[in-house]
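Asker: Take this structure first; my questions come after.
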Amino acid sequence: MTLTDTVKFLQKAAIIHEGKVLILKRLKNAQYRPGAWDLPGGNAEWPTSGQNLTDQHAQEVAREIEEETGISVKPTNFTDENLVHFTTYFEANRPLYSLICGWRVELIDQDPNAIVLSDEHTEWAWISPTELDAYDFGEPVGTYVKTIIRNAFKKE
């Protein structure tokens, strides 16, 4: 369940390995940006434990990355120094306010070709920043994905 019917917290991660970023292709029947390329991540869910939780966002994005790619990332990677993008987005056709965070994560000690896709995606690729414009990220809405990727490479 997303946070509320009118507020969502979307987190995406630019996973970097040897000068390339991992991108995933969305299903052709996906609700948002069908068939477009994307980054691993997703919407934060409302905690079910009944407790007040600190830094729940870090656990959420780490969980999403592992579910979508099979890559295990420690929640401690999601700190201010690895935040490369933050924006808000109002959807004109319905009362939806989105907070969007983009993270930079370096792939270390894992096989970059051992990706295990979830049923939300059909393909994966490691691409360099110079290849970015050759891929459809579902613009204009998906422009934030390219921004996250470009900002992640600026932090190298």
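Asker: Filter the cross-link list 25/146; 8/74; 28/74; 12/154; 12/146 down to pairs whose alpha-carbon distance in this structure exceeds 19 Å.
Answerer: Too far apart for the 19 Å limit: 8/74; 28/74.
Asker: Choose one answer from 113, 93, 77: the residue with the largest mean-square fluctuation in a GNM of the chain with alpha-carbon springs under 10 Å.
Answerer: Judging by the Gaussian network model, the answer is 93.
Asker: Specify the residue with the greatest mean-square fluctuation among 105, 116, 73, computed from a Gaussian network of the chain linking alpha-carbon atoms under 10 Å apart.
Answerer: Looking only at 105, 116, 73, the largest GNM fluctuation is found for 116.
Asker: Further question on the same structure: Excluding residue 33 itself, calculate the net charge of residues whose Cβ lies under 10 Å from the Cβ of residue 33, where each Lys or Arg counts +1 and each Asp or Glu counts -1.
Answerer: Residues close to residue 33 contribute a combined charge of -2.
Asker: Residue by residue through the stretch 16-23, which ³J(HN,Hα) values in whole Hz follow from phi under the Karplus form 6.51 cos²θ - 1.76 cosθ + 1.60 (θ = phi - 60°), with glycine and proline marked x?
Answerer: Per residue, the Karplus-derived 3J(HN,Hα) values read 9, 8, 6, x, 10, 10, 7, 10 Hz.
Asker: Then there is this: Between residue 5 and residue 43, what is the label-to-label distance in nm when each label sits 7 Å out along the Cα-to-Cβ direction?
Answerer: The answer from the label model is 1.3 nm.
Asker: Identify which of 144, 89, 135 has the largest mean-square fluctuation in a Gaussian network model of the chain, with springs joining Cα atoms closer than 10 Å.
Answerer: 89
Asker: Next question, about the same structure. Over the Cα atoms of the stretch 7-154, what Rg and Dmax result, in angstrom?
Answerer: 14.7, 46
Asker: Then there's this: With a point put 7 Å past each Cα toward its Cβ, work out how far residue 33 is from residue 96 in nm, to one decimal.
Answerer: Each label point is offset 7 Å from its Cα along the Cβ direction, giving 1.3 nm.
Asker: While we're on this one: In nm, to one decimal, how far is the residue 87 label point from the residue 125 one, both placed 7 Å along Cα→Cβ?
Answerer: Simple spin-label model gives 2.2 nm for this pair.
Asker: Net charge within 12 Å of residue 98 by Cβ-Cβ distance, Lys/Arg positive one each and Asp/Glu negative one each, not counting residue 98 itself?
Answerer: Counting the neighbours of residue 98, the net charge comes to +2.
Asker: Go ahead and estimate [θ] at 222 nm for the chain from helices alone: -39,500 (n - 2.57) per DSSP H run with n ≥ 4, summed, over the residue count, rounded to 500.
Answerer: It comes out at -5500 deg cm²/dmol, rounded to the nearest 500.
Asker: Still on this structure, please answer the following. If you plug each phi of the stretch 114-119 into the Karplus form 6.51 cos²θ - 1.76 cosθ + 1.60 with θ = phi - 60°, what whole-Hz ³J(HN,Hα) values come out, in order, with x for Gly and Pro?
Answerer: With coefficients 6.51, -1.76 and 1.60, one gets 9, 6, 10, 6, 7, 6 Hz.
Asker: Among bridges DSSP assigns within the stretch 7-154, what percent are antiparallel (round to 5)?
Answerer: 70 percent
Asker: While we're here: Could you pull out every residue, at least 5 positions away or on a different chain, whose amide H is within less than 5 Å of the one on residue 96? Hs are placed 1.01 Å off N in the peptide plane, and Pro or chain starts have none.
Answerer: Placed amide hydrogens put 91 under 5 Å from residue 96.
Asker: How far, in nm, would the chain grow between residue 118 and residue 79 when pulled straight, counting 0.36 nm per residue and subtracting the alpha carbon separation?
Answerer: Contour length minus the Cα-Cα distance gives 11.5 nm.
We did not get these values from a lab; they are worked out from the coordinates using the rules stated. Note that the structure is predicted; figures quoted are calculated from it, not measured. Virtual Cβ from ideal backbone geometry, glycine too; neighbours counted across all protein chains shown.
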